[in-house]
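Here the structure is laid out as structure tokens; the discussion comes afterwards.
The values are calculated or read from the model by the stated rules, or taken from the named source; none is laboratory data. Because the structure is predicted, anything quoted here is derived from the model rather than measured. Note: ideal-geometry Cβ built from the backbone for every residue, glycine included; neighbour counts use all protein chains shown.
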């Protein structure tokens with residue numbers, strides 16, 4: 001697959017936001033693979049790098065895809081998951097009025113979006129998503145695949161190939177990437193929550209363990 005790297009914006013600390021995009025054909029809808037919504041979630045970042053390398057060598061594949069290897073570049077550089085304003089980036093996505101009315105929590109989102117999020121929104125508008133695979137690290141260390149009803153097909157496929165339990169989540173937390181995509185772009189989003197690395201499993205081990213499932217999913221082009 002022919003893949004080219006491009007900039008789609010800059011972070012709060014003026015670091016470039018980079019993405020990989022498949023080329024040589026036109027499509028109205030795109031598959032997104034997004035990692036590093038929290039910059040210190042290095043397991044998903046490692047997996048996204050392996051996926052990119054594999055796709056570049058997969059000459060038989062031609063589907064339209066965009067890979068964002070690290071959204072929270074600043075957090076990755078400082079190995080933290082809060083912004084320079086001491087706020088979690090994954091709590092700052094726009095919130096629909098319907099979700100606010102259904103929720104009782106206090107939200108940190110405002111009308112002023114971080115540049116990482118506003119740049120991602122511009123990218124999603126330019127290349128509308130057909131499906132999003134969100135590569136995360138589970139906060140509790142457990143392995144799980146979280147989906148809404150519209151993503152049960154690919155989510156179930158990944159659950160079988162990875163051995164991770166599938167959890168249906170039609171009410172993701174307001175302000176997160178999942179809720180934002182669910183409400184504003186109306187496309188399926190699959191969140192693969194990888195375990196933290198440990199003495200028994202390195203970052204490379206964890207990403208390698210999950211690479212085959214992603215390869216099978218994308219090779220079948222069932223999204």
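Quick check on residue 17: is it touching a helix residue (DSSP H, G or I) at 6+ places or on another chain (Cβ under 6 Å), part of a strand (DSSP E or B) and modelled with pLDDT of 95 or more? Taking the combined requirement at face value, the residue satisfies it. Within segment 48-75, the set of residues being farther than 17 Å from residue 203 by Cα, under 15 Å from the mean Cα position of the chain (by Cα) and in a helix (DSSP H, G or I) comprises 73 only.
Applying the selection to segment 163-181, what residues are closer than 19 Å to residue 209 by Cα and in contact with a strand residue (DSSP E or B) (Cβ under 7 Å, 6 or more places away or on another chain)? Even if it seems obvious, please write down each step before you answer.
Residues of segment 163-181 closer than 19 Å to residue 209 by Cα: 163-166.
164, 165, 166 - these are the residues of segment 163-181 that are closer than 19 Å to residue 209 by Cα and in contact with a strand residue (DSSP E or B) (Cβ under 7 Å, 6 or more places away or on another chain).
Just so you know, in segment 165-199 the residues that are more than 15 Å from the chain's Cα centre (by Cα) and not in a loop (DSSP other than H, G, I, E, B) include one that is farthest from residue 95 (Cα to Cα), and it is 166. Exactly one residue out of 34, 45 is outside any strand (DSSP E or B), modelled with pLDDT of 95 or more and buried (at least 16 other Cβ atoms within 10 Å of the Cβ): that is 45. Only one entry in 139, 146, 156, 119 is at pLDDT 90 or above, in contact with a strand residue (DSSP E or B) (Cβ under 9 Å, 6 or more places away or on another chain) and either closer than 19 Å to residue 71 by Cα or part of a loop (DSSP other than H, G, I, E, B) (or both), namely 119.
The numbered conditions (1) touching a strand residue (DSSP E or B) at 6+ places or on another chain (Cβ under 7 Å); (2) closer than 20 Å to residue 72 by Cα; (3) at pLDDT below 90 are all true for residue 108 except (1). Screening residue 117 on (1) surrounded by 15 or more Cβ atoms within 10 Å (Cβ to Cβ); (2) under 23 Å from residue 18 (Cβ atoms); (3) in contact (Cβ under 8 Å) with a residue 40 or more places away in the chain shows it passes everything except condition (3). Evaluated against (1) over 15 Å from residue 31 (Cα atoms); (2) more than 16 Å from the chain's Cα centre (by Cα); (3) surrounded by fewer than 20 Cβ atoms within 10 Å (Cβ to Cβ), residue 159 falls short on exactly one condition, (3).
Sort out which residues of segment 3-18 are free of Cβ contacts under 8 Å to residues at least 40 places away in the same chain and under 27 Å from residue 57 (Cα atoms), and write them in order of number.
The initial filter retains those residues of segment 3-18 that are free of Cβ contacts under 8 Å to residues at least 40 places away in the same chain, namely 4-7, 14.
Passing the criteria: 4, 5, 6, 7.
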